[in-house]
Structures are given as structure tokens and as C-alpha cells.
1. Please rank B:Thr306, A:Thr147, B:Thr156, fewest neighbouring Cβ atoms within 10 Å first, as an exposure proxy.
2. Count charges around B:Ile113 for me, please; just the other residues with Cβ under 13 Å from its Cβ, Lys/Arg as +1, Asp/Glu as -1.
3. Taking the Cα centre as origin and putting +1 on Lys and Arg beta-carbons and -1 on Asp and Glu beta-carbons, what dipole magnitude results for chain A, to the nearest 20 debye?
4. What ranking do A:32-39, B:71-78 get when scored by the average of other Cβ atoms within 10 Å per residue, highest first?
5. Which value results when the Cα radius of gyration for segment B:28-73 is divided by 2.2 N^0.38 Å?
6. What distance in nm separates the two pseudo spin-label positions at A:Val113 and B:Ala279, each 7 Å out from Cα along the beta-carbon direction?
7. Calculate the radius of gyration of the Cα atoms of chain A to one decimal place, then report Dmax, the largest Cα-Cα distance, as a whole number, both in Å.
8. Sorted from largest down, what three extents in whole angstroms do the Cα atoms of segment A:145-189 have along their principal axes?
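No value in this document is a laboratory result; all are computed from the given coordinates. Because the structure is predicted, anything quoted here is derived from the model rather than measured. All Cβ positions, even for glycine, are placed from backbone atoms using ideal geometry, and neighbour counts span all protein chains on display.
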Amino acid sequence: MKNLYVLFFIAFIWSCPLISKGQDLSFVNHTEIGLLTGTDNFGPRTNFTFQTFNGLQIHRKHHLGFVTGLDQYGNYSVLPLALGWRGVLNPQNRWQVYGGVDLGYGSALLEKVEINEWDQHHWRKGGRIAQGSLGFRYKTKKANFWTVSVSLKQQISYFYIGNPARLSPDRKRMEDWSYYEEDKVTFNNLVYRIGYWF
Amino acid sequence: MKTNLHPRFILGAQLMLSFMLVMVLPSCEDQIETTYTYQTQVPVFIEVNSFREADIIIEPGIPLDQPGKIYIYGDYLFISEPGKGIHLLDNTDPGNPQNLNFINIPGTGDMAINESILYADNYVDLLAFDISNPENIQLVKREKDVFPNLYSNEETGTIVTYKDTLITSTESNMRWNSWGRPTFRTDMVMLETAAYAKSDGGQSYGQGGSMARFTLLGGHLYTVDEYSMRVFNVESPMDPKYLSDIDLGWGIETIFPFKGNLFIGSMTGMHIYDASNPAEPKEMAVYSHITSCDPVVVNDDYAFVTLRSAAICRNGANELHVLDIKDLNAPTLIQSYPMDNPHGLGLSGDYLYLAEGDQGLKSFNVADVKEIGNNLIEHLKNYVFTDIIPGPKSLIVIGPDGVCQFDYTNPEQLKELSCINVAN
């Protein structure tokens, strides 16, 4: 986990245009909004997603960078922190086909521990994110792009319920809880997005 | 057919369409895997002979693991490790207590000290140790079969104890409050106290917290368990003798001696017993309140009772009750004050110290018992405390994370002297 953060940090620094001095590498931003669709216990669900890719064009067809944003599953918010790759198949055309892969961690940083009146604790923890995308991008006059894409996104999260067995229990120590329930939830999403790339 | 699309574009489009089909066809269904972990207590059967024959071993000091109760005697501090034994610390300098010995007593729960004799339970037996020389602690007496409620079969000499065990399962019938889930009752082990016993009857007693379940008064040792109080004659300290057993109802938690009377805190109220004949305490009054957990401390005129709403305490209120006990036969409620999570308490002159669980430690001036709510002096929040002893040299406070001592020579401003933390 710690290594992952270090990796993100390096990628973030590396993808920041002011810090990277390699003049051949141009900065790329690709920001999208869209819908996460899937099926949960209660039937089909549709959730909001926002993501932004910041990176460098390392080759005519390849871009590497750092992905962050927000995935909102009902009242549960995930902050993705991922490394991303974007590849463009035919950069010479006006309509271009591109693909992308993002791997990283979806953080439940925005979530709080809730303690109910029966002293039952509820909390959430993030987990692995993996995403593969395919899309079209349309070149505008300024050599920027509009994009539409479809992705398959898998996002793991952990939901916990604990009844403490002692005062100030440690959420990592099972002995501190008389009852400890872990729900490992794997969100499998088909994602539709529109975005802008420059 | 002629087309002006780039062939690679067509290839790409085809690839993308087929990829989309692969993605769309299997429905995107979320997966949930649930694991249920709970603590339960697994019964362990022990033959009485096995622990009676085993030597009680005095080990060199070991770090605290799960501190239960505190007791002070002279310059020594005793910290119990429920089920395992008792730590003995040299507390000559409260700023730097020295870990001396660990008395290994399986199945122990509580302790009391009288004339350099330490009493502790060892499953069904009561043990007496001579601690006059802490370097050379001696077991001087084993009073057998005085806590018979642990027996599962008294004839064969088998006792049953319960061992904390973590069980993990992915079976959905293990969900909390599902039918068929084994019960757990580990919270019971957390019941503790704060009180203080002044020297009386010519004997020098140590001082336990308000959550003590062993206490000494008038040459007698009183022990309370869930349902009853047992009386031992300890006028000859080396030779405790079991006298009798008094039924108290249910949910008995703490016992506090004061001026010839015993104040017993239970989940339903406070019992007052007249112990002027120490061998046969008589019930004088019962103050009943809503069901809750509650240690008690008293001074000449008032009793201070805390009520706490932990799940195990049947969800009462979180309150401090002040009772007028000038007439011990008819205690009356003067005032109740809302608190956060009150556990043990300690009284020193006009100052009341209250362990607020994970809300730390509060001190109040209680000179005017009708204005306690407005007389909060300090609230130390960065601690987790369950019990307090206002000792002669320091205010000693215990919690699941360890034992801390405060200088309270200025009662308005506590100063941390030392903290002994648990090992993990």
C-alpha cells in the first residue's frame, strides 16, 4: 500500500508539466464525465463518475500519466488514484480510435466512521481499481479533441460493521471487536463517458 | 464498394466493436463476499487437581497485556491481568514505577490486600500470599472450593471456564442477530470498579478502585460475583476462612466499603449493607434505578453512582447520580447529571474524578452537589480510562491501554507523572 502511494506520487510529479523538463514530451490532459452502470443486489444501478488523466505524450501514439477523479456509488464516494496509459491507433485521422488502461487504488478517503446509538461502528475501505477503455476522439480545429468512450471498470471496496469489545477499539485488530463483519464488494461497471482532451 | 476511410481506421473500429460486445454481453454484476468474525467464549474444562497441584510461579516482571484492575498497598501497585495473574510494581516514585514481579495465577479475577497478605481467586479457590517481602512472595493458604459457581461437576472436580476465541465464517447465518449464531459475552469480562478503603479495625488495608469486586472491611473479606456476596473471616490474615454466601439478585458489579457499610453497585441499583457485624452484613436499603452499569463511591453524606449505557449494561443512560445517604435506610436522589461514557470514579475531598471511557478523564468540584454540572474543572481527552484510585502519592488511572499516574496535589490541575502502556 505504501509502495503504491510512492508510485502515485512519482507518477504525479513526473506528469506535472512544470517539473518535467523533457521538452519533447508534451503535457496531456484528458477529462471525462460519465455513467457507471452495473447490477447490484437490488437490480440495475447507474452512478456518476468523473475522471481526469494528466500525463505526457511519450510517443506519437502513447501517453502515460496519473488518473484521479470521483466515483459516486450512492452515498459511497471513491477517489481513484491510478496510473494510466492511453494509446491512439490512428493519430493522423480526424476521427481517431484510442484505448486506455488504468491500474491503481480507489480510496475511501472521503468516508467517515459512523457510530450508531448502539455503539456499532460502520466504516469503509477502498481497494484495487482496474479499468480498460476504448473510444473515439474527434480532432477540433485547435488540435484538441472531443472523446466518447466505453470502459469496463472493476473497483473493489470493503465495508465493515463492528461491535466493539473494548474501549477505543483498533479497526485493524479483530480481537478488539466482539463482532466484525467485512463485506468485500467488487463493483463491476460498464462505463460510458464523454470528455475533452488537450 | 469504394470507401475513403483509412483501412486502419476500419480495423480499429472493428476491434472496438468486438471489444464492446465482449464487455457488454456478460452482465456487469457486483460481487459481494462477506466474512463474519466474532468473539465467542469456548468452554474449557479443567480438573481442579491440575491447577491445585501446579505451583504458583512468581516470574520476573513482564509487560502489561490486558490490565484489569488496580490495587495499591503501601508503595506497591498491583495490576491484575484477568485470568492470568497479577503484576507487582514498585511505585515508590510514581513518576517511574518499576515492574518487579508477575504472580502467575491462572483463573484469577480480583484481589485485595490485608496486612501484607494478598488475596486472589484461583478458579474455585481463594489464595493468600505473603507479600511482606516482594522479592520473596510465598503462597501461605489455599481456601478450597469457595467459589463453587465455576464447577460444572463438583463430584468429579471439573470446572468450566471460557476462553476468548475468534471465529471467522462466510456462512450468512453467522450475521449479527441472525438465528443460530452463538452468543458471546466477552463484555462481561470488562466489568471493573473505583473505591477506597480507609484503614479500619486496626488492620492496614490496601485500596482498590471503585470497580473492585473484592473488598476488606472490619477484618472480613467480601467478594461479589454476578449473583451473590461471599464473606470470609480474615482476622487472622494468613488464614482466611469462608463464612457465608449472601444472595444479591443479579448483575452485581462492584463493592465499596465505607464506615462500616458496604455499598454494592449492581445493574439495577445500589444496595447498602450494614456490616457492623462483619460476619453477617444486613441489607439496609436498595436504591433502584433504570438498568445500567454503575460503580459507586461515597463520602459522609453522599453517594456518587455512575450509570453507563453500554450494550451489556442493557442500554440505560449515561449519567452521574448523586444520592443523599445521611439516612442510610432511605437513600434519595438529589440530582443527576448527563455524562459521556462514565465508568469508574474516585473521590478525594471535595473533588470527584470520573473515568469517562474513551472520552478520557474528568474532574469536578463536588462541594456543592447541586452544582456539579457547572463545576467541571478539567477534561483530559487524550486517554481511555475505566477506573481510578486516588492514592496517597498520585491519582492512579487504568484503561485498556495501560496505567497512568497523575500528580493531584493541586486538585484543580492534574499533572501526568507516568504511563505504563500495554505491550502490543
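1. On the way: B:Thr306 27, A:Thr147 20, B:Thr156 10.
Ranked by crowding around the Cβ, least crowded first: B:Thr156, A:Thr147, B:Thr306.
2. Values: positive: B:Lys69; negative: B:Asp75, B:Asp110, B:Glu115, B:Asp130.
Residues near B:Ile113 contribute -3 overall.
3. On the way: 22 positive and 15 negative charges, 257 e Å.
Computed about the Cα centre, the dipole is about 1240 debye.
4. Values: A:32-39: 18.1, B:71-78: 21.6.
The peptides rank, most packed first, as B:71-78, A:32-39.
5. Details: Rg = 21.4 Å, N = 46, 2.2 N^0.38 = 9.4 Å.
Its radius of gyration relative to the 2.2 N^0.38 Å reference: 2.27.
6. Between A:Val113 and B:Ala279, the label points sit 5.4 nm apart.
7. Rg then Dmax for chain A, in Å: 19.7, 65.
8. Result for segment A:145-189: principal-axis Cα extents of 56, 18, 12 Å.
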